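Beneath this line is the structure, given in structure tokens, with notes to follow.
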Amino acid sequence: MTGIRTVRVELGERSYEVLVGAGARHELAALVPATAQRAAVVTQPGIPLEIDPGIPFEVFEIGTGEDHKHLGTIEALCRSFARIGLTRHDLVIGLGGGMVTDVAGFAASTWHRGVPVVHVATTLLGMVDAAIGGKTGVNLPSVNGLGGKNLVGTFWQPSGVICDLDALATLPPREVRCGRGEMAKYHFLTGDDLLAMDESTRIARCVEIKATVVADDEREAAGKPAGRALLNYGHTLAHALEIETAFALAHGEAVAIGLVYAAHLAHVLGRIDGDRVQHHYAVVGGAYELGTSLPAHLDPQRLLASMARDKKAVSGLTFVLDGPRGVEVVAEVPQAAATEALQVMAGRS
């Protein structure tokens, strides 16, 4: 089909293609493994795209919202897979945004110890981030202050990903903002002038950037300061904000604030100058028109405690931060510096 860009994620024998373009969903059957006899389509109510994988399939809807992103949902899906007799040679299809692809991928990775999965991303966030790279997971609800975002999960690469740009026209404004929060992240990972590109080219370039990073560091190997963990730029505070606001902040909105916080923290640590901080505001708040202020009345100590439980925190407070060598992972960040950055940012609100 003309107008479809193909980006390959190079992972040896587990390599796969990401198809980006209007009408890309019509290429779904080409991504279905030859062994698959049936498919379980995991989706949510109101997803605007209809798909045809070219094999018999049944549709299973999960709930909408982060309060449905938990192990109970995985169990319900697995019971549905059992009911239809899904084998390890069949297929799971994740049709939806980032929550759907996270959940569908996790369920696929655990059913019969792993069945193929193909993602059809229907949100901007899913297209530029969640559906690509093989990270799956669900949240661990907080009990006595212990819990967190995506703490339970697996690495399970899809057999292919479809980013059908037709779906973007159906998104409500908040879903578009969420995707822009993730897209803004890529502005600081490379020197590309993404703002000079049209939307289709920009999305494809974000996919290319992520594919390159994943191919180099599939599972966030320890000791790789320029590896896959860089894709979590802005996410340390973002995940804490999601938890502490009970997900009143959507993921992309929280990432936008987290990017600006990371810039302030890098400045406090002497890694970047004030002009670079302003550049973050210009991209995040200016070009993408996203919120850059901390929500009022959040307890800084609770935010710090939540950030300390982040998946990257293997050695004290750990952040992905800008600096003279570009964006990299920085461990053992002093709590005083993290607190000061929160205070400086709050003072600008």
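The values are calculated or read from the model by the stated rules, or taken from the named source; none is laboratory data. All of these numbers come straight from a predicted model, not from anything done at the bench. Using ideal geometry, Cβ is built from the backbone for each residue, glycine included, and neighbour counts are taken over all protein chains shown.
When Gly105, Gly97 are checked against the criterion of being within 15 Å of Ala167 (Cβ to Cβ) and not hydroxyl-bearing (Ser, Thr, Tyr), a single residue qualifies: Gly97.
Looking at Val152, Val161 in this structure, which one is buried (at least 19 other Cβ atoms within 10 Å of the Cβ), in a strand (DSSP E or B), touching a residue at least 60 places away in the same chain (Cβ under 8 Å) and not assigned by TED's automatic domain parsing to the domain that holds Gly258?
On the way: Val152 fails: buried (at least 19 other Cβ atoms within 10 Å of the Cβ).
Result: Val161 is the single residue among Val152, Val161 that is buried (at least 19 other Cβ atoms within 10 Å of the Cβ), in a strand (DSSP E or B), touching a residue at least 60 places away in the same chain (Cβ under 8 Å) and not assigned by TED's automatic domain parsing to the domain that holds Gly258.
Do the conditions hold for Thr87, that is, is it part of a helix (DSSP H, G or I) and either among the aliphatic types (A, V, I, L, M) or out of contact with any Cys (no Cβ under 6 Å at 6 or more places or on another chain) (or both)?
Numbers: part of a helix (DSSP H, G or I): no; either among the aliphatic types (A, V, I, L, M) or out of contact with any Cys (no Cβ under 6 Å at 6 or more places or on another chain) (or both): yes.
Here the answer is no, as Thr87 does not meet what is asked.
Annotation: of all residues in the stretch 56-99 being farther than 22 Å from Leu31 by Cα and basic (Lys, Arg), the one that is farthest from the chain's Cα centre (by Cα) is Arg83.
Restricting attention to the stretch 113-145, the residues that are part of a strand (DSSP E or B), free of Cβ contacts under 8 Å to residues at least 60 places away in the same chain and touching a strand residue (DSSP E or B) at 6+ places or on another chain (Cβ under 9 Å) add up to 6. When Ala336, Ala248, Ala240 are checked against the criterion of being over 21 Å from Leu189 (Cβ atoms), at pLDDT 95 or above and among the aliphatic types (A, V, I, L, M), a single residue qualifies: Ala336.
Scan the stretch 167-201 for residues that are free of Cβ contacts under 8 Å to residues at least 40 places away in the same chain, assigned to a helix (DSSP H, G or I) and of a type in the set (S, T, N, Q) and jot them down. Before the answer, list the steps.
Step one: filter the stretch 167-201 for residues free of Cβ contacts under 8 Å to residues at least 40 places away in the same chain, giving 169, 172-173, 190-194, 196-199, 201.
The next check asks that each one be assigned to a helix (DSSP H, G or I); those that pass are 169, 173, 194, 196, 199, 201.
Within the stretch 167-201, just Thr201 meets the criteria.
Could you count how many residues in the stretch 29-63 are in contact with a helix residue (DSSP H, G or I) (Cβ under 8 Å, 6 or more places away or on another chain), in a strand (DSSP E or B) and touching a residue at least 24 places away in the same chain (Cβ under 8 Å)? Result for the stretch 29-63: 4.
Among the residues of the stretch 235-291, write down those that are hydroxyl-bearing (Ser, Thr, Tyr), within 19 Å of Gln301 (Cα to Cα) and outside any helix (DSSP H, G or I).
Taking the stretch 235-291 first, the residues hydroxyl-bearing (Ser, Thr, Tyr) are 236, 245, 261, 281, 288.
Those still in the list that are within 19 Å of Gln301 (Cα to Cα) too: 236, 245, 261.
Listed by number, the list holds a single entry, Thr245.
Being under 20 Å from Phe247 (Cβ atoms), in contact with a helix residue (DSSP H, G or I) (Cβ under 8 Å, 6 or more places away or on another chain) and modelled with pLDDT of 90 or more is true for just one of Gly148, Gly153, Gly160. Which residue is that? Lay out the reasoning, then the answer.
Working: Gly148 fails: modelled with pLDDT of 90 or more; Gly160 fails: under 20 Å from Phe247 (Cβ atoms).
Just a single option satisfies the conditions, and that option is Gly153.
Considering the stretch 203-233, the residues that are at pLDDT 90 or above and surrounded by fewer than 18 Cβ atoms within 10 Å (Cβ to Cβ) include one that is nearest to Gly21 (Cα to Cα), namely Thr212.
Here are some residues: Ile84, Ile74. Which one is in the same structural domain as Asn139 (by TED's automatic domain parsing) and within 19 Å of Lys135 (Cα to Cα)?
Details: Ile84 fails: within 19 Å of Lys135 (Cα to Cα).
Result of the check over Ile84, Ile74: Ile74.
Every residue, every condition in (1) out of contact with any helix residue (DSSP H, G or I) (no Cβ under 7 Å at 6 or more places or on another chain); (2) buried (at least 17 other Cβ atoms within 10 Å of the Cβ); (3) in the same structural domain as Gly126 (by TED's automatic domain parsing); (4) not hydroxyl-bearing (Ser, Thr, Tyr), yes or no:
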| residue | (1), (2), (3), (4) |
| --- | --- |
| Gly252 | no, yes, no, yes |
| Ala256 | no, yes, no, yes |
| Tyr261 | no, yes, no, no |
| Leu265 | no, yes, no, yes |
| Val268 | no, yes, no, yes |
| Gln278 | yes, no, no, yes |
| Val283 | no, yes, no, yes |
| Gly286 | yes, no, no, yes |
| Glu289 | yes, no, no, yes |
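Can you tell me which residues in the stretch 67-101 are under 16 Å from Thr154 (Cα atoms) and surrounded by 24 or more Cβ atoms within 10 Å (Cβ to Cβ)? Listed by number, the residues that qualify are Lys69, Val92, Gly94, Gly98, Met99, Val100, Thr101. Evaluate the following for Pro295: is it closer than 15 Å to Gly258 by Cβ and part of a loop (DSSP other than H, G, I, E, B)? Yes, satisfied. Taken as a whole, the structure leaves Arg302 outside the set of residues that are farther than 25 Å from Val138 by Cα, surrounded by fewer than 19 Cβ atoms within 10 Å (Cβ to Cβ) and outside the structural domain of His68 (by TED's automatic domain parsing).
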